[in-house]
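See below for the structure under consideration.
The values are calculated or read from the model by the stated rules, or taken from the named source; none is laboratory data. Since we're looking at a predicted model, the values are computed, not measured. Virtual Cβ from ideal backbone geometry, glycine too; neighbours counted across all protein chains shown.
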Amino acid sequence: MTVSWASVTGATYYNLYMSTVSGQFGKKPVDSVTDRVYATADGLINGTEYYFVVKAGNPGGLSGASNQAEAKAGTAPGALAPGRQL
């Protein structure tokens, strides 16, 4: 799953928080990144709804949380049968 957001002026990093319960995020981020895209949310369970917020950071500290976004983990496409072509 890929999560992206708008850049924040003055931010030098972003902390991403993820939960399976709307509005309930722990104090520890899933990851801290310097870009505005997070593309390594691994180990998700297909059909499960996930919720995300981002906090922008710089040497002065962290911002408040962004608006919450949600996404449902999808099912990977099935394998092609032998001899079948796209």
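Number of residues in the range 1-29 that are without any contact (Cβ under 8 Å) to a residue 40 or more places away in the chain and within 17 Å of ASN67 (Cβ to Cβ) equals 9. Residues that are β-branched (Val, Ile, Thr) and under 12 Å from the mean Cα position of the chain (by Cα) within the range 21-52 comprise VAL30, VAL33, VAL37, THR40, listed in sequence order.
One residue stands out among those in the range 1-44 that are basic (Lys, Arg) and at pLDDT 90 or above: the one that is surrounded by the fewest Cβ atoms within 10 Å (Cβ to Cβ), which is LYS27.
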